[in-house]
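Engineer: Have a look at this one.
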Amino acid sequence: MNKIFMKIVVAVTLTVSALTFNGCSVTVNLDDNKTPASANSSQNDNQNGANTQNTVNQNNNDANQNMTYTPPPAAPAAQTPVANYSSDIYSLVSKKDQYHHEIASLADDINSYIGRNSSFYGADSLISRARSIRSRIVQSREDVFNSNYPDYSIKNTLVEVFDAELQRVDGLIEGMEASRAGGSYKPGFQHGSAGKKRFDSLNAELNRMLP
């Protein structure tokens, strides 16, 4: 009977034994089929960490799926410089008109001079004006050839207009110099008058051609 009682006590004692070590009570679970509390806690922590990581990964995947890719703005297309042909040709056309008015003014002064004098012997200033106009017309004529304006028909017509203006001013110069040398100014002036008619025709044609 005592032996049976001792076995029961030993069995109970082996199940849970309360030990006191250095003043601290320690409970030791000696049942091999039970998991220690600290082990359960570690497993729970690991499981919670895994669940948290899965949640973060899922959130990241959802965020990546919801993101819309926006391509960077395209670089602006390079602009090709365009030559300002219009201003180039209209500058020369403007000079053509300027010479026309200068020649007309010079012709008026020549007529006034010969109305007061029998010859152009003392008309140095008038001849100098005519030569100055002529020099500038020659330069503008060269500028037409050097122009990049693509319409050659307009360029050629403008050259012809300048040629007509040269004929006008050359006729005035020829008449005055012939008179100074004791000859008649009329042949030169007639040559200039023919240039005026030629100018009027070509100038009207050019104005119709201009854009």
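The values are calculated or read from the model by the stated rules, or taken from the named source; none is laboratory data. On a predicted model such as this, the values are computed, not experimentally measured, just so you know. No Cβ is skipped: glycine too gets one built from the backbone with ideal geometry, and neighbour counts run over all protein chains shown.
Engineer: Does Thr52 count as exposed (fewer than 10 other Cβ atoms within 10 Å of the Cβ), of a type in the set (Ser, Thr, Tyr) and either outside any helix (DSSP H, G or I) or at pLDDT below 85 (or both)?
Structural biologist: Here the answer is no, as Thr52 does not meet what is asked.
Engineer: Which of the residues belonging to segment 180-206 are hydrophobic (A, V, I, L, M, F, W, C) and assigned to a loop (DSSP other than H, G, I, E, B)?
Structural biologist: Ala181
Engineer: Further, regarding this structure: Does Asn203 count as in contact with a helix residue (DSSP H, G or I) (Cβ under 9 Å, 6 or more places away or on another chain), in contact (Cβ under 8 Å) with a residue 40 or more places away in the chain, within 17 Å of Gln98 (Cβ to Cβ) and not charged (D, E, K, R)?
Structural biologist: Answer is yes for this residue.
Engineer: Could you tell me which numbered condition Leu210 fails, if it satisfies all but one of (1) within 17 Å of Ser105 (Cα to Cα); (2) at pLDDT below 95; (3) among the aliphatic types (A, V, I, L, M)?
Structural biologist: Condition (1) is where Leu210 drops out.
Engineer: List every residue pair whose Cβ atoms lie under 6 Å apart, where the two residues are 6 or more positions apart in sequence or sit on different chains, the first residue falls within segment 131-152 and is in the same structural domain as Leu92 (by TED's automatic domain parsing), and the second residue, located anywhere, is part of a helix (DSSP H, G or I) and basic (Lys, Arg).
Structural biologist: Qualifying pairs under 6 Å: Ser140/Lys95; Val144/Lys155; Tyr149/Lys155.
Engineer: Only one of Ser86, Ser118 is surrounded by 10 or more Cβ atoms within 10 Å (Cβ to Cβ) and at pLDDT 50 or above. Can you tell me which?
Structural biologist: Matching residue, one of Ser86, Ser118: Ser86.
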